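Visitor: Attaching a single structure in structure tokens format; questions to follow.
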Amino acid sequence: MLLFSGSGRGENDIEIRGRSRNARRDDPRRHTLAGDQQYGGMAGQGGSLARTMDLERIRNKWETDGTVDKRKPTGRPKITTEVEDNALVQYLEQNPFHVMRAAIQRTDFPGSRPTACRRIKESSLKNYVATKKMILGNEHKQARIIFALNNILRENWDRVIFMEEKVFQSTNNGQIRVYRPRRTRFNENFVSNLGGFQ
């Protein structure tokens, strides 16, 4: 059945409107943006063609596979095993201040450094800049008060350098990093003691 409208859109418009329902479904333009605009009003009251196609795909998948879950992607298998990954994580748990290169060498990790970093990210360990000082406790504060009271009358205070605020190093080692779980910043196992002089 042909439907003629007085819009004067041309022969193409008359040809599309005159197609049967099966012909519209098999039209390859139906899956394009232009086809969506042409057939958008033919999917039902208030429904879009894209939504109808999704429902049809889900129904077909249920009828053929008996499930609508996505299939497990078939990618390249991992280069490392779970045992090798656990060995790398355990090494850094026992040696949190070691760098990744040393961990790879000591554990004979078969992957590259980026691969090792991805394995560590999958664990509970994270790489942070190590804290240099512990949080002052009550015993530390009391000791400082006693020191100040015992030395309040000391002469030549203008020649004293406050060592707690100055760290001297003979070499430039850069920032010290540590592998540790979250919220363990001030754990004594993850604090780098630089000391007074190095």
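Visitor: Can you tell me the relative contact order of region 48-131? Whole percent, Cα pairs under 8 Å, sequence separation 6 or more. Don't skip to the answer; put the middle values down first.
Guide: On the way: 38 pairs, mean separation 19.6, N = 84.
It rounds to 23 percent for region 48-131.
Visitor: Evaluate E = 1/(1 + (r/R0)^6) for VAL160 and PHE186, where r is the Cβ-Cβ distance and R0 equals 35 Å; express this FRET efficiency to the nearest 0.05. Don't skip to the answer; put the middle values down first.
Guide: On the way: r = 28 Å, r/R0 = 0.81.
According to the calculation, E is roughly 0.80.
Visitor: Sticking with this one: How do 150-157, 175-182, 69-76 rank on mean C-beta neighbours within 10 Å, highest first?
Guide: The peptides rank, most packed first, as 175-182, 150-157, 69-76.
Visitor: Straight-line reach only, C-alpha to C-alpha below 16 angstrom: list the lysines that LYS61 could link to, leaving out same-chain residues fewer than 8 apart.
Guide: By straight Cα distance, LYS61 reaches LYS70, LYS72.
No value in this document is a laboratory result; all are computed from the given coordinates. Predicted model only: the values in this text are computed from it and were never measured. Note that we place each Cβ from the backbone using ideal geometry, even for glycine, and neighbour counts take in every protein chain shown.
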